[in-house]
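Each remark here refers to the structure printed beneath this line.
The values are calculated or read from the model by the stated rules, or taken from the named source; none is laboratory data. Everything quoted here is computed from the prediction, not taken from an experiment. Methodologically, a virtual Cβ is constructed for each residue, glycine included, from the backbone with ideal geometry; neighbour enumeration extends over all protein chains shown. What goes into the accessible areas is simple: the full protein's heavy atoms, side chains included, and nothing from ligands, DNA or RNA. Shrake-Rupley method; radii C 1.70, N 1.55, O 1.52, S 1.80 Å.
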Amino acid sequence: IPRPTAPPIPAAGAAPRHLPLHHLREHSVPELIGERDDEDEDDESLGYDDPHQGSDKMMAADGSMMSSAKIRTIHKLAERRRRREMKNLFDTLRKCLPIDKTIRLSKWEVLKKAIDTISNQGAEIHMLRQHIDSMKALSGNASQ
């Protein structure tokens with residue numbers, strides 16, 4: 001398999017030249033800043049074994065390529081949306097709880113209060129069902 005050939009790196013004093021990213025991957029950092037070090041160069045350090053090593057592009061769903069900056073932006077927006085939705089859900093849960101709404105609670109405290117409230121309501125429902133059953137039994141005995 002023939003090795004790809006990279007364009008030459010300008011000398012340390014020469015004006016910098018913009019290289020495409022795939023060419024930059026083929027050179028070590030000292031080469032790129034003008035400190036050539038040919039002795040330590042080998043195929044593995046240059047990324048020839050993995051054609052995707054160092055790539056800053058990713059395939060989008062429609063088959064087009066997206067830059068890493070665009071990917072980061074999309075990720076940040078999605079994360080911001082997720083955090084906003086979580087905040088809204090915690091705010092809604094907090095409003096459903098029988099607590100003082102003026103006191104600021106952490107998310108952990110809101111979840112703990114919700115668990116306590118649900119547990120207490122479950123026990124109360126069980127007690128009320130028993131009471132209803134006993135009332136039905138008494139009303140059945142009274143009608144006989």
Among the residues of segment 105-113, is any surrounded by fewer than 10 Cβ atoms within 10 Å (Cβ to Cβ) and not in a loop (DSSP other than H, G, I, E, B)?
yes
For a quick check of your reading of the model, give me the residue pairs whose first member lies in segment 73-95 and is farther than 20 Å from Trp108 by Cα, whose second is hydrophobic (A, V, I, L, M, F, W, C), with beta-carbon atoms closer than 9 Å and at least 6 apart or on different chains.
Ile74/Met66
Report every pair of residues separated by at least 6 positions or lying on different chains whose Cβ atoms are under 9 Å apart, first residue within segment 97-119 and closer than 16 Å to Lys87 by Cα and without any contact (Cβ under 8 Å) to a residue 60 or more places away in the chain, second among the aliphatic types (A, V, I, L, M) and exposed (fewer than 13 other Cβ atoms within 10 Å of the Cβ).
Lys107/Met86
Please enumerate the residues belonging to segment 60-104 that are aliphatic (A, V, I, L, M), part of a loop (DSSP other than H, G, I, E, B) and closer than 21 Å to Gln121 by Cα.
Leu97, Ile99
All but one of (1) part of a loop (DSSP other than H, G, I, E, B); (2) over 30 Å from the mean Cα position of the chain (by Cα); (3) surrounded by 10 or more Cβ atoms within 10 Å (Cβ to Cβ); (4) at pLDDT 90 or above hold for Arg129; state the number of the condition that does not hold.
(1)
Single condition Gly122 does not satisfy, out of (1) open to solvent by less than 100 Å² (accessible area, probe 1.4 Å); (2) assigned to a loop (DSSP other than H, G, I, E, B)
(2)
